[in-house]
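Scroll down for the structure; my scribbles are underneath it.
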Amino acid sequence: MATAASTPSSDRLTSYNPATGQPVGTVPIHSAAEVDAAVARARVAATAWSALSYEARAEELTAFRKALANHAEELADLLHRENGKPEIEAYSEVMMALSHLKHAIERAEAALAPRRVSSGMLANFRSTISYHPMGVIGVIGPWNYPMFTPMGSIAYALAAGNAVVFKPSELTPLLAVKIAEIAAKTFALPNLFQVVTGAGATGAALAKSAVDKIAFTGSAATGKRVMMAAAERLTPVLLELGGKDPMIVAEDADIEKAAEACVFGALTNSGQACISVERVYVADAIHDKFVDEVVKNVRALKVGGDDGDIGAMTSPAQVAIVKDHLEDAIKKGAKVHTGGPDAISGNYIQPTVLTDVEHGMKVMSDETFGPVIPIKRVSSLDEAVKLANDTTFGLGSSVFGGKAARSIAGKLRAGMTAINSVMAFSGIPSLPFGGVGDSGFGRIHGDEGIREFTRVKSTAEQAFSIPMNMMSFRQPKDMSKKLRGMIKQLYGDGVVARATDAWRKFRG
Ligand code: NAD
(Lines give C-alpha, C1' and ligand atoms only; values in the text may rest on other atoms or scores of the structure.)
Protein backbone atom coordinates (compact mmCIF):
# COMPACT_ATOMS: atom_id res chain seq x y z
CA MET A 1 0.00 0.00 0.00
CA ALA A 2 2.21 2.79 -1.20
CA THR A 3 -0.81 5.01 -1.35
CA ALA A 4 -4.11 4.83 0.43
CA ALA A 5 -6.01 4.86 -2.84
CA SER A 6 -4.35 1.71 -4.08
CA THR A 7 -5.90 -0.54 -1.43
CA PRO A 8 -9.33 -2.09 -1.84
CA SER A 9 -11.71 -1.18 0.94
CA SER A 10 -15.43 -1.51 1.44
CA ASP A 11 -16.05 2.04 2.52
CA ARG A 12 -14.75 5.48 1.60
CA LEU A 13 -14.21 8.79 3.34
CA THR A 14 -14.85 12.18 1.71
CA SER A 15 -12.61 15.20 2.28
CA TYR A 16 -14.44 18.55 1.98
CA ASN A 17 -13.23 22.06 1.24
CA PRO A 18 -14.21 24.06 4.35
CA ALA A 19 -14.36 27.31 2.34
CA THR A 20 -16.93 26.01 -0.14
CA GLY A 21 -18.38 22.88 1.43
CA GLN A 22 -17.55 21.04 -1.82
CA PRO A 23 -15.89 17.61 -1.79
CA VAL A 24 -12.18 17.59 -2.62
CA GLY A 25 -11.97 13.82 -3.06
CA THR A 26 -12.38 10.49 -1.35
CA VAL A 27 -10.04 7.93 0.24
CA PRO A 28 -10.56 4.41 1.57
CA ILE A 29 -11.41 3.74 5.20
CA HIS A 30 -8.80 1.19 6.16
CA SER A 31 -9.80 -1.62 8.50
CA ALA A 32 -7.69 -2.94 11.38
CA ALA A 33 -6.65 -5.89 9.20
CA GLU A 34 -5.47 -3.52 6.47
CA VAL A 35 -3.54 -1.46 9.02
CA ASP A 36 -1.86 -4.62 10.37
CA ALA A 37 -0.94 -5.66 6.83
CA ALA A 38 0.60 -2.22 6.19
CA VAL A 39 2.66 -2.54 9.38
CA ALA A 40 3.83 -6.02 8.34
CA ARG A 41 4.94 -4.67 4.94
CA ALA A 42 6.66 -1.75 6.66
CA ARG A 43 8.62 -4.19 8.80
CA VAL A 44 10.19 -5.75 5.71
CA ALA A 45 11.12 -2.27 4.44
CA ALA A 46 12.46 -1.29 7.87
CA THR A 47 14.87 -4.22 7.95
CA ALA A 48 16.39 -3.27 4.60
CA TRP A 49 16.35 0.49 5.33
CA SER A 50 18.07 0.13 8.70
CA ALA A 51 20.86 -1.90 7.08
CA LEU A 52 21.76 0.99 4.76
CA SER A 53 24.50 3.48 5.60
CA TYR A 54 23.58 7.01 6.68
CA GLU A 55 24.93 8.23 3.37
CA ALA A 56 22.71 5.88 1.36
CA ARG A 57 19.64 6.87 3.40
CA ALA A 58 20.51 10.54 3.04
CA GLU A 59 20.60 10.17 -0.75
CA GLU A 60 17.16 8.58 -0.85
CA LEU A 61 15.69 11.12 1.57
CA THR A 62 17.22 13.99 -0.38
CA ALA A 63 15.55 12.68 -3.53
CA PHE A 64 12.27 12.56 -1.57
CA ARG A 65 12.81 16.13 -0.36
CA LYS A 66 13.46 17.35 -3.90
CA ALA A 67 10.42 15.51 -5.25
CA LEU A 68 8.23 17.11 -2.57
CA ALA A 69 9.67 20.54 -3.44
CA ASN A 70 8.96 19.88 -7.11
CA HIS A 71 5.34 19.18 -6.21
CA ALA A 72 5.05 22.26 -3.95
CA GLU A 73 2.18 23.70 -6.00
CA GLU A 74 0.04 20.56 -5.72
CA LEU A 75 0.83 20.15 -2.02
CA ALA A 76 0.01 23.80 -1.25
CA ASP A 77 -3.16 23.55 -3.31
CA LEU A 78 -4.33 20.51 -1.33
CA LEU A 79 -3.43 22.22 1.94
CA HIS A 80 -5.46 25.25 0.85
CA ARG A 81 -8.44 23.20 -0.29
CA GLU A 82 -8.63 20.60 2.49
CA ASN A 83 -7.66 22.78 5.43
CA GLY A 84 -8.95 26.20 4.34
CA LYS A 85 -5.71 28.09 4.97
CA PRO A 86 -4.73 30.93 2.62
CA GLU A 87 -2.23 30.15 -0.15
CA ILE A 88 0.63 32.02 1.55
CA GLU A 89 0.17 29.95 4.72
CA ALA A 90 0.00 26.78 2.64
CA TYR A 91 3.35 27.53 0.96
CA SER A 92 4.86 28.55 4.26
CA GLU A 93 3.78 25.17 5.71
CA VAL A 94 5.36 23.26 2.81
CA MET A 95 8.56 25.23 3.30
CA MET A 96 8.72 24.61 7.04
CA ALA A 97 8.06 20.88 6.57
CA LEU A 98 10.88 20.64 4.02
CA SER A 99 13.28 22.58 6.23
CA HIS A 100 12.76 19.92 8.90
CA LEU A 101 13.24 17.10 6.42
CA LYS A 102 16.51 18.72 5.28
CA HIS A 103 17.68 19.13 8.86
CA ALA A 104 16.83 15.54 9.79
CA ILE A 105 18.79 14.26 6.78
CA GLU A 106 21.81 16.40 7.63
CA ARG A 107 21.86 15.76 11.38
CA ALA A 108 20.99 12.06 11.66
CA GLU A 109 24.51 10.65 11.52
CA ALA A 110 25.96 13.17 14.01
CA ALA A 111 22.99 12.96 16.40
CA LEU A 112 23.14 9.17 16.43
CA ALA A 113 26.91 8.75 16.52
CA PRO A 114 27.96 6.30 19.25
CA ARG A 115 29.30 8.11 22.34
CA ARG A 116 32.06 7.08 24.73
CA VAL A 117 31.16 7.86 28.34
CA SER A 118 32.99 7.61 31.66
CA SER A 119 33.13 4.15 33.21
CA GLY A 120 33.29 5.44 36.79
CA MET A 121 34.81 2.98 39.19
CA LEU A 122 34.89 0.29 36.48
CA ALA A 123 37.80 2.13 34.90
CA ASN A 124 39.02 -0.95 33.02
CA PHE A 125 35.87 -0.80 30.84
CA ARG A 126 35.17 1.07 27.62
CA SER A 127 31.59 2.35 27.90
CA THR A 128 29.60 3.32 24.83
CA ILE A 129 26.08 4.55 24.14
CA SER A 130 24.72 3.78 20.69
CA TYR A 131 21.42 4.48 18.97
CA HIS A 132 19.56 2.00 16.77
CA PRO A 133 16.44 2.24 14.60
CA MET A 134 13.32 1.01 16.38
CA GLY A 135 11.71 -0.58 13.31
CA VAL A 136 8.27 0.68 12.30
CA ILE A 137 6.91 3.99 13.55
CA GLY A 138 3.17 4.66 13.48
CA VAL A 139 2.45 8.37 13.01
CA ILE A 140 -1.04 9.77 13.70
CA GLY A 141 -1.59 13.37 12.63
CA PRO A 142 -4.02 16.27 13.06
CA TRP A 143 -5.71 18.49 10.48
CA ASN A 144 -4.41 21.94 11.43
CA TYR A 145 -0.89 21.62 9.97
CA PRO A 146 -1.39 18.38 8.04
CA MET A 147 2.05 18.47 6.38
CA PHE A 148 4.33 20.30 8.82
CA THR A 149 3.15 18.57 12.00
CA PRO A 150 3.43 14.92 10.94
CA MET A 151 6.66 15.67 9.03
CA GLY A 152 8.16 16.50 12.44
CA SER A 153 7.86 12.79 13.20
CA ILE A 154 8.05 11.26 9.71
CA ALA A 155 11.28 13.00 8.63
CA TYR A 156 13.09 12.30 11.88
CA ALA A 157 11.87 8.69 12.08
CA LEU A 158 12.95 7.92 8.50
CA ALA A 159 16.31 9.66 8.96
CA ALA A 160 16.90 7.55 12.08
CA GLY A 161 16.48 4.40 9.98
CA ASN A 162 12.83 3.45 10.53
CA ALA A 163 9.90 2.75 8.21
CA VAL A 164 6.71 4.79 8.76
CA VAL A 165 2.98 4.10 8.56
CA PHE A 166 1.09 7.40 8.69
CA LYS A 167 -2.60 7.91 9.55
CA PRO A 168 -3.58 11.49 8.66
CA SER A 169 -6.63 13.29 10.02
CA GLU A 170 -9.90 12.36 8.36
CA LEU A 171 -10.30 16.07 7.51
CA THR A 172 -7.07 16.27 5.47
CA PRO A 173 -6.31 12.80 4.05
CA LEU A 174 -5.72 13.68 0.38
CA LEU A 175 -2.55 15.63 1.11
CA ALA A 176 -1.11 12.59 2.89
CA VAL A 177 -2.07 10.33 0.00
CA LYS A 178 -0.28 12.72 -2.37
CA ILE A 179 2.87 12.62 -0.20
CA ALA A 180 2.72 8.81 -0.17
CA GLU A 181 2.43 8.77 -3.97
CA ILE A 182 5.52 10.95 -4.23
CA ALA A 183 7.36 8.72 -1.73
CA ALA A 184 6.42 5.57 -3.66
CA LYS A 185 7.88 7.03 -6.85
CA THR A 186 11.05 8.21 -5.08
CA PHE A 187 12.16 5.53 -2.63
CA ALA A 188 13.82 2.45 -4.06
CA LEU A 189 12.40 0.39 -1.20
CA PRO A 190 8.67 -0.34 -1.42
CA ASN A 191 6.51 0.40 1.64
CA LEU A 192 9.10 2.50 3.44
CA PHE A 193 6.48 5.21 3.87
CA GLN A 194 2.81 4.20 3.71
CA VAL A 195 -0.40 6.01 4.44
CA VAL A 196 -3.52 4.44 5.94
CA THR A 197 -6.68 6.52 5.89
CA GLY A 198 -9.85 6.66 7.93
CA ALA A 199 -11.17 8.28 11.09
CA GLY A 200 -10.51 7.47 14.76
CA ALA A 201 -10.99 3.70 14.33
CA THR A 202 -8.14 3.51 11.81
CA GLY A 203 -5.93 5.53 14.18
CA ALA A 204 -6.89 3.24 17.05
CA ALA A 205 -5.99 0.21 14.93
CA LEU A 206 -2.55 1.71 14.28
CA ALA A 207 -2.06 2.40 18.00
CA LYS A 208 -2.90 -1.25 18.75
CA SER A 209 -0.84 -2.68 15.90
CA ALA A 210 2.67 -4.15 16.09
CA VAL A 211 4.43 -0.83 15.48
CA ASP A 212 7.53 -0.14 17.59
CA LYS A 213 6.46 3.36 18.55
CA ILE A 214 3.45 5.62 18.10
CA ALA A 215 4.04 9.31 17.43
CA PHE A 216 0.71 10.99 18.01
CA THR A 217 -0.18 14.63 17.40
CA GLY A 218 -3.66 15.79 18.30
CA SER A 219 -5.85 16.64 21.24
CA ALA A 220 -5.08 15.64 24.83
CA ALA A 221 -8.31 13.60 25.02
CA THR A 222 -7.37 11.46 22.01
CA GLY A 223 -3.76 11.28 23.19
CA LYS A 224 -4.93 9.54 26.37
CA ARG A 225 -6.91 7.02 24.32
CA VAL A 226 -3.88 6.36 22.11
CA MET A 227 -1.70 5.79 25.17
CA MET A 228 -4.21 3.34 26.62
CA ALA A 229 -4.42 1.42 23.33
CA ALA A 230 -0.61 1.34 23.00
CA ALA A 231 -0.32 0.06 26.58
CA GLU A 232 -1.71 -3.33 25.48
CA ARG A 233 1.63 -4.11 23.80
CA LEU A 234 3.70 -1.70 25.90
CA THR A 235 4.33 0.27 22.71
CA PRO A 236 6.13 3.50 23.59
CA VAL A 237 4.31 6.71 22.70
CA LEU A 238 5.31 10.24 21.83
CA LEU A 239 2.47 12.66 22.51
CA GLU A 240 2.32 16.13 20.93
CA LEU A 241 -0.94 17.52 22.28
CA GLY A 242 -2.74 20.82 22.65
CA GLY A 243 -1.73 24.04 24.32
CA LYS A 244 -2.98 27.25 25.90
CA ASP A 245 0.08 29.31 25.14
CA PRO A 246 0.55 32.49 27.14
CA MET A 247 2.22 35.66 25.91
CA ILE A 248 3.65 38.11 28.43
CA VAL A 249 4.23 41.73 27.47
CA ALA A 250 6.44 43.61 29.92
CA GLU A 251 6.36 47.37 30.50
CA ASP A 252 9.59 47.95 28.56
CA ALA A 253 8.46 45.97 25.49
CA ASP A 254 8.36 47.54 22.04
CA ILE A 255 4.57 47.86 21.92
CA GLU A 256 4.19 48.02 18.16
CA LYS A 257 6.37 44.97 17.56
CA ALA A 258 4.71 43.05 20.39
CA ALA A 259 1.22 43.82 19.04
CA GLU A 260 2.15 42.85 15.48
CA ALA A 261 3.63 39.54 16.69
CA CYS A 262 0.68 38.90 19.00
CA VAL A 263 -1.79 39.30 16.15
CA PHE A 264 0.19 36.94 13.94
CA GLY A 265 0.75 34.40 16.72
CA ALA A 266 -2.93 34.35 17.64
CA LEU A 267 -4.45 34.48 14.17
CA THR A 268 -2.20 32.61 11.77
CA ASN A 269 -3.98 29.53 10.43
CA SER A 270 -7.16 31.13 11.88
CA GLY A 271 -5.76 30.51 15.35
CA GLN A 272 -5.75 26.76 14.73
CA ALA A 273 -2.17 26.12 15.82
CA CYS A 274 -1.12 24.11 18.86
CA ILE A 275 1.35 26.94 19.59
CA SER A 276 -1.08 29.79 18.89
CA VAL A 277 -0.95 32.73 21.27
CA GLU A 278 -4.08 31.81 23.25
CA ARG A 279 -3.94 34.40 26.07
CA VAL A 280 -2.01 37.61 26.63
CA TYR A 281 -0.86 39.22 29.90
CA VAL A 282 0.12 42.85 29.57
CA ALA A 283 1.76 45.18 32.10
CA ASP A 284 -0.70 47.71 33.47
CA ALA A 285 1.31 50.74 32.27
CA ILE A 286 1.11 49.78 28.59
CA HIS A 287 -2.10 47.74 28.55
CA ASP A 288 -4.39 50.31 26.89
CA LYS A 289 -1.87 51.31 24.25
CA PHE A 290 -1.14 47.65 23.49
CA VAL A 291 -4.85 46.83 23.13
CA ASP A 292 -5.33 49.79 20.74
CA GLU A 293 -2.40 48.62 18.66
CA VAL A 294 -3.67 45.02 18.54
CA VAL A 295 -7.17 46.16 17.54
CA LYS A 296 -5.72 48.39 14.82
CA ASN A 297 -3.69 45.46 13.42
CA VAL A 298 -6.66 43.09 13.58
CA ARG A 299 -9.02 45.50 11.82
CA ALA A 300 -6.56 45.75 8.92
CA LEU A 301 -6.88 42.01 8.21
CA LYS A 302 -9.14 40.56 5.55
CA VAL A 303 -11.13 37.44 6.32
CA GLY A 304 -11.88 35.05 3.44
CA GLY A 305 -11.52 35.50 -0.30
CA ASP A 306 -8.57 34.61 -2.52
CA ASP A 307 -6.43 37.41 -1.10
CA GLY A 308 -7.65 37.00 2.49
CA ASP A 309 -5.29 36.99 5.49
CA ILE A 310 -7.54 34.74 7.54
CA GLY A 311 -8.92 31.58 5.93
CA ALA A 312 -11.92 29.40 6.71
CA MET A 313 -11.97 27.39 9.90
CA THR A 314 -11.27 23.77 8.99
CA SER A 315 -14.37 22.28 10.61
CA PRO A 316 -17.80 23.45 11.81
CA ALA A 317 -17.09 21.59 15.09
CA GLN A 318 -14.17 23.97 15.80
CA VAL A 319 -16.34 27.00 14.94
CA ALA A 320 -18.82 25.81 17.58
CA ILE A 321 -16.08 25.59 20.24
CA VAL A 322 -14.85 29.12 19.47
CA LYS A 323 -18.41 30.49 19.59
CA ASP A 324 -18.98 28.76 22.92
CA HIS A 325 -15.79 30.26 24.38
CA LEU A 326 -16.75 33.76 23.19
CA GLU A 327 -20.28 33.52 24.59
CA ASP A 328 -18.99 32.17 27.90
CA ALA A 329 -16.48 35.04 28.20
CA ILE A 330 -19.03 37.72 27.33
CA LYS A 331 -21.54 36.27 29.79
CA LYS A 332 -18.87 36.46 32.51
CA GLY A 333 -17.99 40.10 31.79
CA ALA A 334 -15.42 40.19 28.97
CA LYS A 335 -15.42 43.24 26.70
CA VAL A 336 -15.40 42.74 22.90
CA HIS A 337 -13.24 45.25 20.99
CA THR A 338 -13.68 43.77 17.54
CA GLY A 339 -15.23 40.58 16.14
CA GLY A 340 -17.40 38.65 18.58
CA PRO A 341 -19.81 35.70 18.30
CA ASP A 342 -22.24 37.63 16.11
CA ALA A 343 -19.51 38.17 13.53
CA ILE A 344 -19.27 34.43 12.79
CA SER A 345 -20.58 33.45 9.38
CA GLY A 346 -20.45 29.78 8.39
CA ASN A 347 -16.84 28.60 8.67
CA TYR A 348 -15.49 32.17 8.81
CA ILE A 349 -14.78 33.87 12.14
CA GLN A 350 -13.90 37.56 12.34
CA PRO A 351 -10.84 37.80 14.61
CA THR A 352 -11.95 38.80 18.06
CA VAL A 353 -10.12 40.88 20.67
CA LEU A 354 -11.33 40.57 24.27
CA THR A 355 -10.28 42.42 27.42
CA ASP A 356 -11.49 42.22 31.04
CA VAL A 357 -10.97 38.47 30.88
CA GLU A 358 -10.53 36.22 33.92
CA HIS A 359 -9.20 32.74 34.50
CA GLY A 360 -12.67 31.39 35.27
CA MET A 361 -13.55 31.86 31.59
CA LYS A 362 -13.11 29.02 29.08
CA VAL A 363 -11.25 31.39 26.79
CA MET A 364 -8.48 31.62 29.42
CA SER A 365 -8.31 27.96 30.43
CA ASP A 366 -9.41 25.65 27.57
CA GLU A 367 -7.82 25.44 24.13
CA THR A 368 -9.89 27.82 21.97
CA PHE A 369 -8.11 26.97 18.70
CA GLY A 370 -9.61 29.92 16.85
CA PRO A 371 -8.94 33.58 15.95
CA VAL A 372 -9.42 35.03 19.42
CA ILE A 373 -7.07 37.31 21.41
CA PRO A 374 -8.00 37.57 25.11
CA ILE A 375 -5.87 40.25 26.80
CA LYS A 376 -5.51 40.53 30.57
CA ARG A 377 -4.02 43.46 32.48
CA VAL A 378 -1.46 42.50 35.14
CA SER A 379 0.01 44.61 37.90
CA SER A 380 3.42 42.90 37.99
CA LEU A 381 5.57 40.46 36.08
CA ASP A 382 5.29 38.02 38.98
CA GLU A 383 1.52 38.05 38.55
CA ALA A 384 1.96 37.51 34.81
CA VAL A 385 4.19 34.47 35.37
CA LYS A 386 1.82 33.06 38.00
CA LEU A 387 -1.16 33.38 35.65
CA ALA A 388 0.79 32.11 32.65
CA ASN A 389 1.66 28.96 34.62
CA ASP A 390 -1.92 28.55 35.86
CA THR A 391 -2.76 25.90 33.25
CA THR A 392 -2.70 22.15 32.85
CA PHE A 393 -1.02 22.65 29.45
CA GLY A 394 2.61 23.64 28.86
CA LEU A 395 3.47 23.72 25.18
CA GLY A 396 4.73 27.06 23.83
CA SER A 397 4.92 30.56 25.29
CA SER A 398 6.30 33.99 24.46
CA VAL A 399 7.70 37.01 26.27
CA PHE A 400 8.11 40.55 24.98
CA GLY A 401 10.29 42.90 26.95
CA GLY A 402 13.75 44.19 27.69
CA LYS A 403 15.99 43.28 30.59
CA ALA A 404 13.60 40.96 32.41
CA ALA A 405 12.49 38.93 29.37
CA ARG A 406 15.03 36.13 29.74
CA SER A 407 14.40 35.64 33.41
CA ILE A 408 10.62 35.56 32.82
CA ALA A 409 11.15 33.00 30.05
CA GLY A 410 13.08 30.81 32.47
CA LYS A 411 10.16 30.80 34.90
CA LEU A 412 7.54 29.64 32.40
CA ARG A 413 6.48 26.02 32.76
CA ALA A 414 6.39 25.26 29.04
CA GLY A 415 8.30 23.14 26.56
CA MET A 416 9.25 26.19 24.48
CA THR A 417 9.49 29.96 24.82
CA ALA A 418 10.05 32.66 22.20
CA ILE A 419 11.59 35.93 23.39
CA ASN A 420 10.59 39.07 21.50
CA SER A 421 8.95 36.82 18.92
CA VAL A 422 6.23 34.21 18.68
CA MET A 423 6.34 30.58 17.53
CA ALA A 424 9.93 30.93 16.24
CA PHE A 425 11.06 27.76 18.04
CA SER A 426 8.94 25.63 15.67
CA GLY A 427 10.79 26.93 12.62
CA ILE A 428 14.27 26.31 14.05
CA PRO A 429 14.90 22.65 13.23
CA SER A 430 17.70 22.20 15.75
CA LEU A 431 15.39 23.09 18.66
CA PRO A 432 13.45 20.17 20.15
CA PHE A 433 9.68 20.67 20.07
CA GLY A 434 7.24 19.35 22.67
CA GLY A 435 5.37 20.08 25.85
CA VAL A 436 4.78 19.26 29.48
CA GLY A 437 1.61 18.35 31.38
CA ASP A 438 -1.48 18.02 29.19
CA SER A 439 0.61 19.14 26.21
CA GLY A 440 2.24 15.71 26.16
CA PHE A 441 5.77 14.35 26.36
CA GLY A 442 8.63 13.31 24.15
CA ARG A 443 10.26 15.57 21.58
CA ILE A 444 10.22 15.98 17.82
CA HIS A 445 12.78 18.14 15.94
CA GLY A 446 16.43 18.63 16.88
CA ASP A 447 18.82 15.87 17.95
CA GLU A 448 16.33 14.84 20.66
CA GLY A 449 13.73 14.39 17.92
CA ILE A 450 16.03 12.06 15.98
CA ARG A 451 16.96 10.03 19.08
CA GLU A 452 13.24 9.79 19.96
CA PHE A 453 12.92 7.24 17.16
CA THR A 454 15.78 5.02 18.26
CA ARG A 455 16.42 2.51 20.99
CA VAL A 456 19.34 3.34 23.18
CA LYS A 457 21.94 0.66 23.71
CA SER A 458 24.61 0.68 26.38
CA THR A 459 27.76 -1.39 25.84
CA ALA A 460 30.37 -2.09 28.52
CA GLU A 461 33.49 -3.61 27.02
CA GLN A 462 36.23 -4.88 29.33
CA ALA A 463 39.39 -3.32 27.90
CA PHE A 464 41.83 -5.02 30.29
CA SER A 465 41.67 -7.13 33.47
CA ILE A 466 42.36 -5.86 36.95
CA PRO A 467 42.99 -7.95 40.06
CA MET A 468 39.69 -6.94 41.69
CA ASN A 469 37.07 -8.40 39.37
CA MET A 470 33.58 -7.59 40.70
CA MET A 471 31.90 -9.75 38.05
CA SER A 472 33.08 -12.99 39.59
CA PHE A 473 32.29 -15.21 42.58
CA ARG A 474 36.01 -15.81 43.07
CA GLN A 475 36.68 -13.17 45.68
CA PRO A 476 39.21 -13.13 48.52
CA LYS A 477 37.89 -14.01 52.01
CA ASP A 478 38.31 -10.44 53.27
CA MET A 479 36.43 -8.91 50.32
CA SER A 480 33.51 -7.64 52.46
CA LYS A 481 35.96 -5.82 54.69
CA LYS A 482 37.69 -4.29 51.67
CA LEU A 483 34.35 -3.17 50.22
CA ARG A 484 33.36 -1.62 53.53
CA GLY A 485 36.55 0.42 53.49
CA MET A 486 36.10 1.43 49.87
CA ILE A 487 32.52 2.63 50.45
CA LYS A 488 33.77 5.00 53.17
CA GLN A 489 36.79 6.02 51.11
CA LEU A 490 34.91 6.71 47.86
CA TYR A 491 31.50 7.92 48.99
CA GLY A 492 31.72 8.78 52.69
CA ASP A 493 34.26 10.90 54.53
CA GLY A 494 37.40 9.18 53.28
CA VAL A 495 40.40 11.00 51.84
CA VAL A 496 39.47 10.12 48.22
CA ALA A 497 35.86 11.32 48.61
CA ARG A 498 36.99 14.54 50.32
CA ALA A 499 39.54 15.23 47.58
CA THR A 500 37.02 14.68 44.75
CA ASP A 501 34.37 16.82 46.51
CA ALA A 502 36.93 19.63 46.96
CA TRP A 503 37.90 19.35 43.29
CA ARG A 504 34.20 19.66 42.22
CA LYS A 505 33.81 22.80 44.37
CA PHE A 506 37.05 24.29 43.04
CA ARG A 507 35.93 23.69 39.43
CA GLY A 508 32.59 25.39 40.25
P1 NAD B 1 -7.75 14.81 17.36
O2 NAD B 1 -7.20 14.34 18.65
O3 NAD B 1 -9.20 14.93 17.22
O4 NAD B 1 -7.28 13.84 16.17
C5 NAD B 1 -5.92 13.62 15.88
C6 NAD B 1 -5.78 12.33 15.13
O7 NAD B 1 -6.15 11.25 15.96
C8 NAD B 1 -6.67 12.21 13.87
O9 NAD B 1 -5.91 11.62 12.85
C10 NAD B 1 -7.77 11.30 14.34
O11 NAD B 1 -8.38 10.56 13.31
C12 NAD B 1 -7.02 10.37 15.26
N13 NAD B 1 -7.84 9.66 16.26
C14 NAD B 1 -9.07 9.97 16.73
N15 NAD B 1 -9.46 9.07 17.64
C16 NAD B 1 -8.45 8.18 17.77
C17 NAD B 1 -8.23 7.03 18.58
N18 NAD B 1 -9.14 6.61 19.46
N19 NAD B 1 -7.06 6.36 18.45
C20 NAD B 1 -6.11 6.80 17.58
N21 NAD B 1 -6.26 7.86 16.79
C22 NAD B 1 -7.41 8.55 16.88
O23 NAD B 1 -6.99 16.17 17.06
P24 NAD B 1 -7.29 17.20 15.87
O25 NAD B 1 -8.59 17.85 16.16
O26 NAD B 1 -7.08 16.51 14.56
O27 NAD B 1 -6.10 18.23 16.04
C28 NAD B 1 -6.17 19.35 16.85
C29 NAD B 1 -5.41 19.13 18.14
O30 NAD B 1 -4.07 18.78 17.83
C31 NAD B 1 -5.32 20.38 18.98
O32 NAD B 1 -5.50 20.06 20.33
C33 NAD B 1 -3.90 20.86 18.74
O34 NAD B 1 -3.40 21.66 19.75
C35 NAD B 1 -3.19 19.55 18.61
N36 NAD B 1 -1.91 19.72 17.92
C37 NAD B 1 -0.76 19.57 18.62
C38 NAD B 1 0.47 19.75 17.99
C39 NAD B 1 1.76 19.57 18.74
O40 NAD B 1 2.80 19.41 18.10
N41 NAD B 1 1.79 19.59 20.06
C42 NAD B 1 0.52 20.09 16.63
C43 NAD B 1 -0.68 20.26 15.95
C44 NAD B 1 -1.89 20.06 16.61
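Phi angles of the stretch 371-382 translate, via the Karplus equation with coefficients 6.51, -1.76, 1.60 and θ = phi - 60°, into HN-Hα couplings of x, 10, 10, x, 10, 10, 6, 10, 8, 8, 5, 4 Hz per residue; Gly and Pro are given as x.
Could you compute the FRET efficiency for residue 328 and residue 419, with r as their C-beta to C-beta distance and R0 at 30 Å, rounded to 0.05? About 0.40, to the nearest 0.05. Take the Cα of residue 455, step 7 Å toward its Cβ, do the same at residue 117, and the gap between the two points is 1.8 nm.
Counting only alpha carbon atoms, the long axis of helix 173-186 and the longest principal axis of the chain meet at about 50°.
Computing FRET efficiency as 1/(1 + (r/R0)^6) for residue 358 and residue 431, where r is the C-beta to C-beta distance and R0 is 35 Å, gives about 0.60.
Run the reach check for residue 244 against lysines, Cα to Cα strictly under 23 Å, same-chain hits fewer than 8 apart removed. What comes back? The qualifying lysines are 85, 224, 257, 323, 331, 332, 335, 362, 376, 386, 411.
Can you tell me the dipole magnitude for the chain around its Cα centre, using point charges on the Cβ only (Lys, Arg +1; Asp, Glu -1), in Debye to the nearest 20? Let's see the in-between values first.
Details: 54 positive and 53 negative charges, 595 e Å.
It works out to roughly 2860 debye.
With the convex hull of the Cα atoms taken as the outline of the stretch 359-447, the averaged projected area works out to 6.4 nm². The stretch between residue 210 and residue 59 holds 51.5 nm of extra length on full extension. This uses 0.36 nm per residue minus the Cα-Cα distance. Ligands, DNA and RNA left out, the accessible area of the chain computed with a 1.4 Å probe is 56% carbon and sulfur. For the Cα atoms of the chain, what angle does the longest principal axis make with the long axis of helix 255-267, in degrees from 0 to 90, nearest 10? The two axes meet at around 90 degrees. For the chain, the longest piece that avoids every one of the chymotrypsin sites (Phe, Trp or Tyr not before Pro) found in DSSP loops with at most 11 other C-beta atoms within 10 Å covers 1-463.
Given their separation in residues at 0.36 nm each and the Cα-Cα distance between them, residue 320 and residue 488 gain 53.8 nm when the chain is fully extended.
Can you compute the FRET efficiency between residue 257 and residue 411 using 1/(1 + (r/R0)^6), with r the Cβ-Cβ distance and R0 = 22 Å? Round to the nearest 0.05. Numbers along the way, then the final one.
Working: r = 22 Å, r/R0 = 1.01.
Rounded to the nearest 0.05, the efficiency is 0.50.
Solvent exposure of the chain, expressed per residue, is 45 Å² of accessible area, with all protein chains present and a 1.4 angstrom probe. Residue 102 exposes around 90 Å² of accessible area when a 1.4 Å probe is run over every protein chain in place.
Do the sum for the chain: with -39,500 (n - 2.57) for every DSSP H run of n ≥ 4, divided by all residues, what is the mean residue ellipticity at 222 nm, to the nearest 500 deg cm²/dmol? Write down the numbers at each step before the final one.
Numbers: 17 runs with 213 residues, N = 508.
Calculated at 222 nm, the ellipticity per residue is -13000 deg cm²/dmol.
Packing order of peptides 306-314, 218-226, highest average first: 306-314, 218-226 (average count of other Cβ atoms within 10 Å over each peptide's residues).
Of the trypsin sites (Lys or Arg not before Pro) in the stretch 280-366, which ones lie in a loop per DSSP and count no more than 16 other C-beta atoms within 10 Å? Numbers along the way, then the final one.
Working: sites: 289, 296, 299, 302, 323, 331, 332, 335, 362; in loops: 302, 332.
The qualifying sites are 302, 332.
For the chain, find the longest principal axis of its Cα atoms and tell me its angle to the long axis of helix 148-159, 0 to 90°, nearest 10. With rounding to tens, the tilt is 20 degrees. Diffusion of the chain by Stokes-Einstein, at 25 °C in a medium of 0.890 mPa s and with Rh set to the Kirkwood radius over alpha-carbon pairs, works out to 99 µm²/s.
Treat each spin label as a single point 7 Å out from the Cα along the C-beta direction, and report the residue 228 to residue 345 distance in nm. The modelled label-to-label distance comes out at 4.3 nm. For the stretch 449-466, backbone phi angles converted through the Karplus equation (6.51, -1.76, 1.60; θ = phi - 60°) give residue-by-residue couplings of x, 6, 5, 4, 9, 9, 9, 8, 10, 9, 10, 10, 10, 6, 7, 7, 8, 10 Hz, Gly and Pro being listed as x.
Global size of the stretch 401-493: 24.2, 68 Å for Rg and Dmax (C-alpha atoms, Rg to one decimal, Dmax whole).
The values are calculated or read from the model by the stated rules, or taken from the named source; none is laboratory data. Because the structure is a prediction, the values reported are computed rather than measured. Ideal geometry is used to build each Cβ from the backbone, glycine not excepted, and the neighbour counts take in all protein chains shown. The protein model used for the area step is the full one, side chains on, heavy atoms only, and it has no ligands, DNA or RNA in it. Shrake-Rupley method; radii C 1.70, N 1.55, O 1.52, S 1.80 Å.
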